[in-house]
Amino acid sequence: MASWGEAKDSRLIGKRVSRLSGTDKVTGKAKYTFDINRPGMLYGYILRSPVAHATITGIDLSEAEALPGVKAAIPLIEPGKRVRFEGQEIAAVAAITPDIAEDAVRLIQFDYDELDYVVDVESAKEEGAPQIRDDWKSNQSEPRVDERGDIEAGFAEAAVEVEATYHAPVQTHVCLETHGHVAEWDQDNLTVWASTQAVFGTRQNLARHFELPENQVRVITEHMGGGFGSKFGPGVEGVTAAKLARKAGAPVKLMLTRKDEHLVAGNRPSMTQQVRAGATQDGRFIAYDMSGYGTGGIGSGAGFTGPYVYHVPNHRTKKSAVAINAGSARAMRAPGHPQGAFAMDSLMDELAERLNLDPLEFRRLNSDSDARRNRIRQAEYTLGAQEIGWHRRNRVPGSGTGVKKRGIGMGCGLWGGGGGAGTQARVTIHASGAVEAVTGTQDIGTGIRTVIAMIVAEELGLRPQDITVKIGDTEPGLASRGSGGSQTIGSVAPVIKTAAMAAKRKLFGHIAPLVEADPGDLRAAGDKIYAQSDLRLSIPWKEATGYLGMETISEGGEWDENLRIGDVAGVQFAEVEIDTETGLVQVIKIVAVQDCGLVVNRLTTESQINGAVVMGLGYALLEERIMDDQTGKMINPNLEDYKVPGTMEIPEIVSIAYDTDRKITGIGEPPTIPTAGAIANAVYNAIGVRIRELPITPDKILNALG
Amino acid sequence: MENFAYINAANVEQVPSLMSDDWSETKMIAGGTDLLGELKEYIETPKKVINLKSIPGLDEIKADASGLTIGALVTLADIAAHPTIQRHYTVLAEAAASVASPQIRNVGTLGGNLCQRPRCWYYRHPDIICLKKGGDTCYAVEGLNKYHAIFGGGPVYIVHPSDTAPALIALGATVKIVGPNGDRTMLLEDFFILPDVNPQRENVLEPNEVVTEVHLPQPKAHTKSTYVKVRERGSFDFALVSVAAAFEMNGGTCHKANVVLGGVAPIPWRSKEAEAALNGKGITAAVAKQAGEAAVANAEPMTDNGYKVPLTRNIINRAAMTLVH
Amino acid sequence: MSKEKEQNQETAISRRSFLKGVGTGAVAASVAPTVFIDAETAAAAQTGEEINRAKIKLNINAQTYEVEVEPRMTLLSVLRDGFDTSGNRLDLTGAKPICERGECGGCTVQVDGKAVYACMMLALDAQGKQITTVEGLANGDNLHPVQEAFIQHDALMCGFCTPGFVVAAKSFLDQNPSPSHEEIKEGLAGNICRCGTYPFIFEAVKTASRKLL
């Protein structure tokens, strides 16, 4: 049975290895979809609805088509149909320069009957609000009710109760490379460079749309500038690029603008929840009654977690989604979890205070219901508390003196991330000694390319840079899943590992008779193949592969569930300093202790944890999609008023990639979950006033301090 | 953005003749960091853009007995790094250093920083025709006004985004304007106008007038100054509220206080109330606090910007205490 | 309830025809009879002459490119999408279009030694200046110490912001060779990384600073 072996025997696994794409990325040589320039390429541009709700009555493309330099113009909505949010696609053009394409879009004339709209969640719930979805009875979906235990008995047993309302806003992904594609036809063969998290998913989607066999569509994603859950298919823009390319008879690049990206390319739904919770005098969390909703715009999903992490025997939850005239939600980095965790960890602290218990102690008492996770989490509590200096927190929240007040808080998270079957991969050894690893995954910035090279290199006794990793291309026909749900490494690594093992076995079998050794006695390390029983019998790698002559070894692998694990626990601690005169929250330090299973590349794992914390920090303190009720528009569709963390916001981040099992797990999402709750609790610990609504901006602090 | 004709101006005198007397026809470009933002959003669609960078001599800082003259094309980075400004006009160096980002400060000019258009999110939205853009509604009144004015608003409620303007006003700067009928010089404080004078403009400039230089008088002896800026996002953000404070000290007593606020009004807002509370007093914690309170006594917050009242009060207090410690 | 909504209710449904902006103006400007200025004249044009289109010379990474531009073209658009007058793409795609509004730093290049946003500078305004893009930092295969340090510390993930950060960091160290942690943060405050690699960027800049001293 395959295993990752002991840590002491690992030459590469668990070590810090620089990203293989590093040189290309720091020199500007790395070509992202946005950078692909094809001979004769045109630029696509989409005309979008300026209003939130209307029926389109006519589209006139003639003036746009007549503009010199315009090569194609197509409608994207039929007259009679409704646009239901600002930014919805109306028509598109392709032209010889980006400027001409934009000019042409401004020449498209379209008529519409404006309809009443609603962009505010509370108004959307009211009776008589404009109906947004035809498949719902009102703008609020049928609530999903979940009940465990006996909620009334639970409250009867409770010695203390907390009632609170928590709110988190809509967050947008802000992928720095906007969604987009370059589409090129060669008769009935379509090649698409896509900024996507799923080359195979995108291929399938395009093939279906254009009614082509899948092998006539090729999707390439060599480098990709961030997705965070929002880039799983071609979307309207990808299909449009291909349509324009076909109509114009030339390759078309169509990338979204920054504003488009905010409006149409997905978001994390909001969350509003009212919760009543009770605990016993001895600190058992006994009852939890929560009712909440979120908006995913015109989309249907707006779920969030709760109860979360902590074990509550009696609970009742009622969750629904509210539709508004705004762009649809999409999966965003741990969908549903950061908003649920923020509310849950705030609630935990509120309950602990009523009980006069240390919030950490209260969490320890109400353990995670999963035994493995709980064991790990308890250890993480100890590790994190020590690293942040938990004892330094204010025993009485807000009791610090001076203008600037510090506080410490904590939060928790859990995530699946174990991957699954379905990846095909090949590891090829050439007589020249060259080694290739090929699979249909894609590197969305996580570092999977380097991880693949490390695994193969470890198995074959080579260096990571000796391995040529070919990913992000459907052409070899080796499918893999989309990179989402922190599933990539758990899906890909086992297959790569077993493929490399198989290739090595085959090589050993080939050369064993030639060197008069037992294949089972051969080992690969340090660019050599040697016999374990007789170290004098050692030949350099290239000499060994030279024996292959005209032959090439190319082996596939199998997904082996024993090589990976899911269900990881994470704990974070935050220290903040609040300027009580300005309301500014400065995060001083974050300690993130994250169950990482088996760490493959410690360097890039720490990067992932750092990055997840930074995104969580933005969620806690800065980010919010703001809809204007008067105009139906997003009023901050840019990077000035939609504020993401910059350098000045960055605290000391202690990222502890906590090694637990010798099994691989994905880590892209879990460390973004606990951050907002930890920061919110630290804010409370600092000033003694609880902010139950994200983002925690200076106006809220100043208003709270009165 | 729409295309336009680009014209290099040969000298200052030529500029008025190159400019139209219709605001929408021509624009001037220096650093371009504000103008290009407007052009890209189609907020402005001029037929011609007049380049000022081709004019020699406007990018110099000159010191003489009368004080310091700063050309309109001097970059914010150069102002922030200028030793004389750092030493004698500290508030200006600090204000310039607080503008936007290093990349913006490297090209953004003093003239541009004074003449930049508002950051109001309704104004900057390409599909919203608000009162400032010639429409009939200031959407901030009944809308989202977290970043809007608490002083001097009506009929539009933008805040003036400049950091250098409050600093320069606190230092008693004058500004030189060249127009078709020659040049005129005025106190920078008088350069800015409230929306009830003209809701579509922020200053007295006519479409064919250009700011060419700013003059700072010799600092009075024992003048101390500082700029305190509070922004929501520490990296690259406009002020929620800022205060430029310049005190002429006489021993421990504040002989004359200049307190000019940014981010609170459609113009840089001199707080005469704060100044009155400080003038002739020894700056103690109690006096500083009184100055802050006096400054906001007449504030008129909107629905979402009430927090600016304590914020303004507190940072005036802070600036005053900074200057005496 | 909004004013627009109130009006809608009064008149039942409003009927509108929408022409984005002043489209005819756009056309007029973009297809107006060309006043064509050649490179030499453009560089020297101090005459109040209207330039609607011009051949200009840009010095990029110590190489001279002759390009034909409209006044509205930014330096970024010429680097990424421009052709020289022989019809070859410049193809300098290192600088990235992320916000296109001078808010993110993705398109940072050096102009006369200073970091600027290429998306907020007209190509015409870059004439006669020394432009250095991320492609021009390495000396052959020898990476600039900032580039080496970014790789060493994994100061990049998806890497889309990286060229902008590398140029901004290089420019910053040119001016402040031995910065404090706080100064590094201030010096790079004009760049955004959504992957959140900042902590390792700070480490990289410190390492590069030590190498450069």
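The values are calculated or read from the model by the stated rules, or taken from the named source; none is laboratory data. In this text the structure is predicted, and so the values were computed from the model without any measurement. Neighbour counts are summed over all protein chains in view; Cβ atoms, including those assigned to glycine, are modelled from backbone coordinates with ideal geometry. All accessible areas refer to the heavy atoms of the entire protein, side chains included, with ligands and DNA or RNA removed. Shrake-Rupley method; radii C 1.70, N 1.55, O 1.52, S 1.80 Å.
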- Expressed in square angstrom to the nearest 10, the accessible area of C:TYR117 with a 1.4 Å probe stands at 10
- Query: How much accessible area per residue does the range C:53-135 have, in Å², with a 1.4 Å probe?
  - Reply: 29
- Query: When the Cα centres of the range A:319-369 and the range A:158-199 are compared, how far apart do they sit, in Å?
  - Reply: 22
- Nearest 100 Å², what total accessible surface is buried between chain C and chain A (probe 1.4 Å)? 6200
- Query: In bins 10 Å wide, starting from 0, what share of all Cα pairs of the range C:145-212 does each bin hold, as a percent?
  - Reply: 24, 63, 12
- Query: So which GluC sites (Glu not before Pro) in the range A:137-195 are both in a DSSP loop and have at most 15 other Cβ atoms within 10 Å of their Cβ?
  - Reply: none
- Subtract the Cα-Cα distance of A:GLU561 and A:ARG536 from 0.36 nm times their separation in residues, and report this length gain in nm to one decimal. 5.3 nm
- Item | Carbon + sulfur, % of accessible area of chain B - ligands and nucleic acids excluded, 1.4 Å | 50
- Scaled radius of gyration (Cα, divided by 2.2 N^0.38 Å) that chain A gives: 1.03
- Item | Loop-located GluC sites (Glu not before Pro) in the range A:331-362, at most 14 other Cβ atoms within 10 Å (DSSP) | none
- Message: In chain B, if the dipole is taken from +1 on Lys/Arg beta carbons and -1 on Asp/Glu beta carbons about the Cα centre, which of B:GLY172, B:HIS255, B:VAL324 is farthest to the positive end?
- Response: B:VAL324
- Item | Helical mean residue ellipticity (222 nm; -39500 (n - 2.57) per DSSP H run of 4+; nearest 500) of the protein assembly as shown | -8500 deg cm²/dmol
- Query: How far apart, in nm, are the 7 Å Cα→Cβ label points at A:ARG372 and A:ASN37?
  - Reply: 5.1
- Task: At 1.4 Å probe size, with every protein chain present, just tell me what the per residue accessible area of the range B:188-252 comes to in Å².
- Result: 35
- Item | Cα Rg over Rh - the range B:223-324, Kirkwood | 0.97
- Work out the FRET efficiency for B:ASP22 and B:LEU187 from their Cβ-Cβ distance, taking R0 = 35 Å, and round it to the nearest 0.05. 0.80
- Note on the structure: For A:ARG523, placing the label point 7 angstrom along Cα-to-beta-carbon and taking the range A:1-23, residues whose amide nitrogen sits under 15 Å are A:5-12
- Chain pair A, B: total accessible area buried, heavy atoms, 1.4 Å probe, Å²: 2900
- Query: About the Cα centre of the range B:223-324, what is the dipole size in debye to 20, counting +1 per Lys and Arg Cβ and -1 per Asp and Glu Cβ, all else neutral?
  - Reply: 240
- Query: How many nm separate the modelled label positions at A:TYR547 and A:ARG364, each set 7 Å beyond the Cα in the direction of the Cβ?
  - Reply: 5.9
- Which distance in Å, rounded to a whole number, links the C-alpha centroids of the range A:635-706 and the range C:83-153? 33
- Axial C-alpha extent at least 15 Å, average Kyte-Doolittle at least -1.0 - helices from chain B (DSSP): B:285-296, B:308-324
- Message: Can you compute the charge dipole magnitude of the range B:160-240 about its Cα centre, using +1 on each Lys and Arg Cβ and -1 on each Asp and Glu Cβ, nothing else charged? Give it in debye, rounded to the nearest 20.
- Response: 380
- Task: Using a 10 Å cut-off on Cβ to Cβ distances, tally the other chain neighbours for every residue of A:607-617 and report the average as a whole number.
- Result: 5
- At 4 °C and 1.567 mPa s, the Stokes-Einstein diffusion coefficient in µm²/s for the range A:273-323, with hydrodynamic radius from the Kirkwood sum on alpha carbon pairs, is 108
- Top positive-direction residue, dipole computed over the protein assembly as shown with Cβ charges, set C:LEU156, B:ILE283, A:LEU383: A:LEU383
- Of B:LEU73, B:LEU144, B:LEU110, the one that fluctuates the most in a GNM where chain B has Cα springs shorter than 10 Å: B:LEU144
- Return the loop-located trypsin sites (Lys or Arg not before Pro) in the range A:336-400 (DSSP other than H, G, I, E, B) with at most 16 other Cβ atoms within 10 Å of their own Cβ; answer none if there are none. A:ARG395
- Note on the structure: Sequence order, the range A:449-465: Karplus ³J(HN,Hα) from phi using 6.51 cos²θ - 1.76 cosθ + 1.60, θ = phi - 60°, Hz rounded, Gly and Pro as x, gives 4, 5, 4, 4, 4, 5, 5, 5, 5, 4, 5, 9, x, 10, 9, x, 6
- Per residue, in Å², the accessible surface of the range A:593-706 once ligands and nucleic acids are set aside, probe 1.4 Å: 18
- Loss of accessible area when C meets B, both sides summed, Å² nearest 100, probe 1.4 Å: 3300
- Give, rounded to the nearest 20 debye, the magnitude of the charge dipole that the protein assembly as shown has about its Cα centre when Lys and Arg contribute +1 at Cβ and Asp and Glu contribute -1 at Cβ. 2020
- Find, to one decimal place in angstroms, the Kirkwood hydrodynamic radius of chain B, where the mean of 1/r is taken over every pair of different Cα atoms and then inverted. 19.9
- Compute the distance in nm between two label points, each set 7 Å from the Cα along the Cα-to-Cβ direction, one at A:ASN215 and one at C:ASP141. 4.0
- Task: Would you mind listing how long the protein assembly as shown runs along its three principal axes, going by Cα atoms, in whole Å with the largest first?
- Result: 100, 80, 70
